[in-house]
Amino acid sequence: MVLELYLDLLSQPCRAVYIFAKKNNIPFVVKNIEMLKGQHFSEEVNKVNVLRKVPVLKDGDYTLEESTAILLYLTRKYNTPSHWYPPDMKKRGRVDEYLAWQHCTIRPSASKILWLKVVIPLFLGQQTPPEKLQDAIDDLNGSLRKLEDKFLQDKPFIVGTEISLADLVAIVELMQPLGAGWDIFENHPKLLEWRRRVEGTVGKELFMEAHARILNTNELKNLCVAAPLQTQMKPMLLKMLK
Ligand SMILES: N[C@@H](CCC(=O)N[C@@H](CS)C(=O)NCC(=O)O)C(=O)O
């Protein structure tokens, strides 16, 4: 039975899983989930995503949630090239260190900016006050400095000379559809160079295919949210604005 991946490519962790599976020629089918239609809350999908999120992997009657766990499962099941998750204990430790760190630093700060800048206007039809946005930007900049100084340093990739899961997960997280005049990499030339290396190693075509929706500004301008989802999310979004 072919592996199924439940994905919405608007989502960063979904893009990491998609790029990894494709780059490594892993046979899979995509079960396309449209989060903005609330499909990740449907009864059918909830049979596999008990946590109500995407991505999800379904391998026969085995289901797995959480992108980090999915990526690691794929490296083991398909014995992918060792640079993705090096067997050397110290290098593997670096990948683990980054994956653990980013989930409570880069990911929440970058996602918060996305929510304030894009999701709130889309769901509530109102702009976020600039000071709220500035706090989130300051948080992200603090994390980006740590990414540069502690993790990347002057190496081509986080672990050294070869790409690993840490680089892939990091870059997709920083590719956010924040609209005109916004580029997370703008004041970080070292990170921009690194992003280009990651893109080049993954393959520009695959990288762009995975990011096609979030880079399509016309589509982004015309995104529609299903009314029940809008109602469901409203209280939480209003709370973010307080
Ligand atoms: N820690 C999870 C995060 C997954 C996640 O937050 N997915 C988001 C899309 S980026 C989602 O499904 N959001 C739907 C919701 O929260 O309603 C992972 O890495 O897989």
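What follows draws every value from the coordinates through simple rules; no lab data is involved. As the structure is a computational prediction, the values presented were derived from the model and not from experiment. Ideal geometry is used to build each Cβ from the backbone, glycine not excepted, and the neighbour counts take in all protein chains shown.
Counting only aspartates and glutamates at least 8 places from Lys37 when in the same chain, those with an alpha carbon closer than 13 Å to its own are Asp8. Normalised by the number of residues in region 85-241, the average gap of Cα pairs under 8 Å and 6 or more apart makes the relative contact order 28 percent.
Any idea what the dipole of the chain comes to, in debye rounded to 20, about its Cα centre with Lys/Arg Cβ at +1 and Asp/Glu Cβ at -1? Dipole about the Cα centre, nearest 20: 160 debye. For a quick check of your reading of the filter: which trypsin sites (Lys or Arg not before Pro) in region 1-73 sit in a DSSP loop and have no more than 16 other Cβ atoms within 10 Å? When the trypsin sites (Lys or Arg not before Pro) of region 1-73 are filtered for loop state and at most 16 Cβ neighbours within 10 Å, Arg52 remain.
Per-residue extension of 0.36 nm, minus the Cα-Cα distance of Val50 and Leu241, leaves a gain of 65.9 nm for this segment.
Counted by neighbouring Cβ atoms within 10 Å, the residues Asp138, Asp96 run from fewest to most as Asp138, Asp96. Across all Cα atoms of region 1-154, the radius of gyration (one decimal) and Dmax (whole number) stand at 17.6, 51 Å. Charge tally for Lys53 (other residues, Cβ to Cβ under 12 Å; Lys, Arg +1; Asp, Glu -1): -2.
Under 5 Å between amide hydrogens, built in the peptide plane, is the criterion, and for Leu3 it picks out Val29 among residues at least 5 positions away or on other chains. Under conditions of 10 °C and 1.306 mPa s, region 161-201 yields 146 µm² s⁻¹ as its translational diffusion coefficient, taking Rh as the Kirkwood radius over Cα pairs in the Stokes-Einstein equation.
Kindly flag which residue pairs out of Lys112/Lys146; Lys117/Lys234; Lys132/Lys234; Lys23/Lys77; Lys47/Lys242; Lys47/Lys204 have an alpha-carbon separation exceeding 24 Å in this structure. The pairs that break the limit, which is 24 Å between Cα atoms, are Lys47/Lys242; Lys47/Lys204. Beta bridges from DSSP with both residues in the chain: antiparallel share about 60 percent, rounded to the nearest 5.
With semi-axes defined as the square roots of five times the eigenvalues of the C-alpha gyration tensor, the equivalent ellipsoid of region 85-241 measures 30, 18, 15 Å, largest first. Extension gain, Tyr78 to Thr217: 0.36 nm times the residue separation minus the Cα-Cα distance gives 46.5 nm.
Size descriptors for region 3-80 (Cα atoms only): Rg and Dmax, in that order, 11.6, 36 Å. Rounded to the nearest whole Hz, the Karplus-based 3J(HN,Hα) values (6.51 cos²θ - 1.76 cosθ + 1.60, θ = phi - 60°) of region 49-61 follow the sequence 10, 4, 7, 6, 10, 10, x, 9, 10, 10, 10, x, 9, with x at glycine and proline.
Rounded to whole Å, give me the distance from the Cα center of region 1-40 to that of region 174-242. Region 1-40 and region 174-242 have Cα centres spaced 16 Å from each other. For the pair Thr63 and Glu97 in one chain, pulling the backbone fully straight at 0.36 nm per residue adds 9.7 nm over the alpha carbon distance. In region 121-192, the convex hull through the Cα atoms has an average projected area of 5.7 nm², a quarter of its surface area.
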